[in-house]
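**Student:** Structure below; questions to follow.
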Amino acid sequence: MMKIAKRFLVVSIIVGLFYSSFSNVNNVYAANNVTLGYYEQQLANYKKKAEETRKAINKTESEIRSSEGRIENLKNETATLSNEIKKLNEEIENYKKSIEEKLSQSRQVLEYMQLSNDRNVYLDYVFKADSITDLINRSYTIQELMDYNNRTVGELEQIIKDNEKRQAEIDKRKEKIKQTQTELEHNIVSLGEEKAVLTTGGVDTASQIKMYEELVNAYKKRGCKTNDIIGVDCAVQGGTGIFRRPTTTGYITQEQYYNNANSYHRAVDIGSKNGRREKIYPIADGTIVAKYTDIYGALVLAIEHYNITDGKWYTSLYAHMSSYAPGLKIGNKVTSNQYIGYMGDTGYSFGIHLHMEVIPCRLNNPSDRNCYSLNAYLNYAPKVIRNGFNLRKLISFPKGLYNSWYSR
């Protein structure tokens, strides 16, 4: 029984290993079987994303305009309320003056009636009545005069209270307007940041669309159909075993390095005494896989190469060129003797030089999980350099900085 169990275990392990190997082979085969349809689908996806982004940007811009309009209306309302407060203050001052005048008139009448020539004029006026009726009328007249003055003063005082109440209401409204305006201004800032996120990035959607359009067109020109496997059914590519310097004359001004996640340089920077007249060449035969202007305005070109010496794929990337060579398109084959542009300082640059990267992966190729897109490539490249990869191992440059070469 023990022997049967052992045999069953051995068979199970063999079957498991066979299945695992078969599965891995299938996975590798599937990963390297990229059809034209894949790129066509990517193109459709990016176009859809571009349309969604366009709608999102339009919505954001509409919200910004709406907020700006509301702020303008609030400013106008604030100005109107300020004018109303000014008018209320003027009315209050006028009513206060009227009250003072009425009180003054009342005092003057009473003083005259009570103290005139050391006699009580009020009593004289009342008791000089010809009859009881006249007496009552005279008393009533004086009382009416006093009541009238009191009513007038009371009405004026009530108007002042109403104006002051309205002022308090206006002050509250102005404070609310100020708070709303501040919220709207903060909202505009947030919306502006959202718009910036939608319109910027390592490479924008429009550039991705352009690259995939060129890839699709290039492979179609090389006879590829939707279900054709690129490199097998069409667009078969050979390899190269030699990596050359990208310029005839030059010197390295900055090395490729990795210090930490916030301090690394994916490339070597190359200068030349010829400046903008220095031609840039591919380091080996290959196929153009990216051609774009980055978010800072640098002209960038990327080429993939298959190295038959070590059996690996590499991507070389050239940035800051002043111009491209004519006729270059994504999907075009190029040779190491075919110039691709001139040295320059386009984009975020502090002088004329070539920023050249070489990373062991296939940019914009879905079979390469590390570099299937530009953003994936930008995340992967520093990790490779951190782990010890250096392009000097592939290309023969003079040691150190500023040591010149005069041939490729």
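The values are calculated or read from the model by the stated rules, or taken from the named source; none is laboratory data. Keep in mind that this is a model prediction, so the values were computed, not measured. Here Cβ is always computed from backbone atoms with ideal geometry, including for glycine, and neighbour counts include all displayed protein chains.
**Student:** Residues that are under 28 Å from the mean Cα position of the chain (by Cα), of a type in the set (Val, Ile, Thr) and at pLDDT 80 or above: which strands (runs of 3 or more DSSP E) entirely in the range 190-301 hold 1 or more of them?
**Tutor:** Fully inside the range 190-301 and qualifying: 286-293.
**Student:** I'd like the residue in the range 324-360 that is under 28 Å from the mean Cα position of the chain (by Cα) and polar (S, T, N, Q) and, out of all such residues, is surrounded by the fewest Cβ atoms within 10 Å (Cβ to Cβ).
**Tutor:** 349
**Student:** Would you confirm, using the coordinates I've provided, whether residue 386 is in contact with a Phe, Trp or Tyr (Cβ under 9 Å, 6 or more places away or on another chain), more than 25 Å from residue 279 (Cα to Cα) and surrounded by fewer than 17 Cβ atoms within 10 Å (Cβ to Cβ)?
**Tutor:** yes
**Student:** While we're looking at this one, here's another question. Taking the range 73-107, which residues are hydrophobic (A, V, I, L, M, F, W, C) and over 16 Å from residue 156 (Cβ atoms)?
**Tutor:** Matches in the range 73-107: 74, 79, 81, 85.
**Student:** Sticking with this structure for a sec: Take the conditions among the basic types (Lys, Arg), touching a Phe, Trp or Tyr at 6+ places or on another chain (Cβ under 9 Å) and more than 22 Å from residue 299 (Cβ to Cβ) and apply them to residue 312. Does it pass?
**Tutor:** So residue 312 fits the description; yes.
**Student:** If you check residue 159 against the conditions, is it crowded, with 17+ Cβ neighbours inside 10 Å, touching a helix residue (DSSP H, G or I) at 6+ places or on another chain (Cβ under 9 Å) and modelled with pLDDT of 80 or more?
**Tutor:** Here the answer is no, as residue 159 does not meet what is asked.
**Student:** Right, next: Out of 347, 327, 331, I need the residue that is in a loop (DSSP other than H, G, I, E, B) and touching a residue at least 60 places away in the same chain (Cβ under 8 Å). Which one?
**Tutor:** 331
**Student:** hydroxyl-bearing (Ser, Thr, Tyr), assigned to a helix (DSSP H, G or I), surrounded by fewer than 17 Cβ atoms within 10 Å (Cβ to Cβ) and modelled with pLDDT under 65: does that describe residue 139?
**Tutor:** In short, yes.
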